[in-house]
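Each remark here refers to the structure printed beneath this line.
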Amino acid sequence: MSNILKAHFALFFVNALYGANNIIAKDVMPTYLTPNVFIAFRVLGATCLFWLVSLFTKREKVEKTDVLKLAICGVFGVAVNQLCFFHGLNYSSAMNSGIIMTLNPIIVAVMAFFILKESLSSRKIIGIFIGATGAVFLALQSTNSQGSTFLGDVLLFINALSYAIYLILVKPLMKKYSALTVTTYVFTFGAIYVLLFPKTIMDFYSVDFSIIPFDIWLRIAFVIIGVTFFTYLLTMYAMKFLSATVTSTYIYLQPVLVIVFAYLFYEIGFSADNTKDINLFKIALMCIIFIGVFLVAKPNKKEALND
């Protein structure tokens, strides 16, 4: 299997985990954990895992000038990204969170064109347009989703913008260091920022950990290990072989996967009913989104030769 194909599989798995996370994390907040406490668990837990794994690998020396860049990546890739996502998810719906994230590829494509000088072929532009069209119509279909607020949707948009900035800033660093090195430093700085956020420590004292059932702890563990540790590592791996634009375009799959997991988890009794808004028109829009992703993700001749 070629490296490019492996990278595509990695990105699909990453977004499958993110899609499941929109349903799983929603059931944890705010009943058991506040967004700030959940973020602290997620970031600190993942940071410990990254450092644990790094103990068994060859340590890379990071240049002093790159430490500042990694610290900035920690702001956008972890602190702002996580704070806005969990607070946004707390005030919005699981469906809306998956849909709003589809704005990320458009932001990345524009920023990558101007900052990283990444080329945009006519096929990729068409793919972005098709995927965005499907996502916009899907968003219009979800305006009546239960549990959504304007504030929540705005925070989710800031989350998408922050993650787009992170993908652009981290791309040059991926050419110099391994995925583990970059992610470990990014999360270390991110954990520091999250702990410095005043509300984090205050919220810890307000949580009654004794009432949290075992299945909720399993959901928290899934978010830390699966949706944080593995997703960030796999995304960094994929970016070694794929452009920032292609990497971000996989986010178009999130509203599709959110709907799939909403139906699956409800059927097996794993979550509340989030399937009431699913209809044939939305299924058709999912197919349109898949087409957009395919057009953007398909490697061109130059990418194939570089594999």
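Give the long-range amide H neighbours of GLU118: residues separated by 5 or more places, or on another chain, with amide H under 5 Å away, using H modelled in the peptide plane at 1.01 Å from N.
PHE113
Within the chain, what whole-number % of the accessible surface is contributed by carbon and sulfur, with the 1.4 Å probe and all protein chains included in the calculation?
Carbon plus sulfur share of accessible area: 73 percent.
Using 0.36 nm times the number of residues separating ILE291 and LEU196, minus their current alpha carbon distance, what extension gain do you get?
29.9 nm
Looking at the square roots a ≥ b ≥ c of the eigenvalues of the Cα gyration tensor of segment 207-257, which shape do they give, rounded for a/c under 1.5, prolate if a/b is larger than b/c, or oblate?
In terms of gyration-tensor shape, prolate.
Compute the FRET efficiency between GLU60 and ILE225 as 1/(1 + (r/R0)^6), taking r as their Cβ-Cβ distance and R0 = 30 Å, and round to the nearest 0.05.
0.80
Sorted by accessible area (1.4 Å probe), largest first, how do GLU60, GLU267, GLU118 line up?
GLU267, GLU60, GLU118
Which of rounded, prolate, oblate describes segment 131-260, given a ≥ b ≥ c as roots of the alpha-carbon gyration tensor eigenvalues and a/c under 1.5 marking rounded, otherwise prolate only if a/b is larger than b/c?
In terms of gyration-tensor shape, oblate.
Distance from the Cα centre of segment 32-111 to that of segment 179-206, in angstrom?
9
Go ahead and set up a Gaussian network model of the chain, Cα springs under 10 Å, then flag whichever of PHE114, PHE56, PHE281 fluctuates most.
Comparing PHE114, PHE56, PHE281 in a Gaussian network model of the chain, the most mobile one is PHE56.
Where a ≥ b ≥ c are the square roots of the eigenvalues of the C-alpha gyration tensor, would you call segment 1-82 rounded, which needs a/c under 1.5, or, failing that, prolate if a/b is larger than b/c, or oblate?
Oblate.
Give me the accessible area of LEU68, 1.4 Å probe, in Å² rounded to the nearest 10.
My reading of the accessible area for LEU68 is about 120 Å².
The values are calculated or read from the model by the stated rules, or taken from the named source; none is laboratory data. Computed from a predicted structure; not experimentally measured. Using ideal geometry, Cβ is built from the backbone for each residue, glycine included, and neighbour counts are taken over all protein chains shown. For the accessible areas, the whole protein counts, side chains as well, though only heavy atoms, and no ligand, DNA or RNA atoms are used. Shrake-Rupley method; radii C 1.70, N 1.55, O 1.52, S 1.80 Å.
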